[in-house]
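Below is one structure, written out as structure tokens, with a few remarks after it.
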Amino acid sequence: MAKKISVVERRLFARLHVPLKVLFRIVDLWSREQSSKVIEGETWNVSYDGLCIETNAVVQESVMTFSESSGEKRVKVLPFLVMKEQQLELKIDLPSPEGKIDALGRVIWSELEATDETYHLKIGVSLEEVTPKEREKWNHFIRHMK
């Protein structure tokens, strides 16, 4: 008789597939200052405690960078692939009337997929520092999306 294998769901909250525009910057872990240009992405899914952001990357001069980045200071993708705990300053664009949410998040996981010439990066982010007012807007949005 074969053993039945069960999968344990570690998530506390269900994920909702809602596309939202997200702008984010990498925040230096020690100085807590912004250390990158703004990167644009879109949510893959959202929940009360976090979100999954999807964005594109390209290889430029043998360095993988976010495709929206250009100029002198390119934003490298590598920190997301090897450094969990990376902090991100987030601006999440909610549909009216909620407006935008500003928060500080922490990268929990990342996944890189390659297609022809483009790379797609998914970043799982836990919402860590959110003001009570912003948290209420976020929770209200999630409640009404269910």
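The values are calculated or read from the model by the stated rules, or taken from the named source; none is laboratory data. Since the structure is predicted, the reported quantities are computational estimates derived from the model, not experimental observations. Cβ coordinates were reconstructed from backbone atoms using ideal geometry, including for glycine residues, and neighbour counts include every protein chain displayed.
So, in region 96-114, of the ones that are under 18 Å from C52 (Cβ atoms) and over 10 Å from the mean Cα position of the chain (by Cα), which residue ends up surrounded by the fewest Cβ atoms within 10 Å (Cβ to Cβ)? Checking each candidate, the answer is E113. The set of residues in region 120-145 that are more than 14 Å from S47 (Cα to Cα), surrounded by fewer than 18 Cβ atoms within 10 Å (Cβ to Cβ) and either in contact (Cβ under 8 Å) with a residue 40 or more places away in the chain or among the hydrophobic types (A, V, I, L, M, F, W, C) (or both) comprises H120, K122.
Per-residue answers, yes or no, for (1) at negative phi; (2) modelled with pLDDT under 85; (3) assigned to a loop (DSSP other than H, G, I, E, B):
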site: R32; (1), (2), (3): no, yes, yes
site: E40; (1), (2), (3): yes, no, no
site: L51; (1), (2), (3): yes, no, no
site: V58; (1), (2), (3): yes, yes, no
site: T65; (1), (2), (3): yes, yes, no
site: S69; (1), (2), (3): yes, yes, yes
site: R74; (1), (2), (3): yes, yes, yes
site: P79; (1), (2), (3): yes, yes, no
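Being under 19 Å from K21 (Cα atoms), touching a Lys or Arg at 6+ places or on another chain (Cβ under 9 Å) and assigned to a strand (DSSP E or B) is a property that does not hold for L112.
For region 17-30, the candidate set comprises residues that are over 15 Å from K84 (Cα atoms) and outside any strand (DSSP E or B); within that set, the residue that is modelled with the highest pLDDT is L20. Answer yes or no: is there a residue in region 71-91 that is touching a helix residue (DSSP H, G or I) at 6+ places or on another chain (Cβ under 6 Å) and under 18 Å from P19 (Cα atoms). Looking for residues that are touching a helix residue (DSSP H, G or I) at 6+ places or on another chain (Cβ under 6 Å) and under 18 Å from P19 (Cα atoms), one finds none in region 71-91, hence no.
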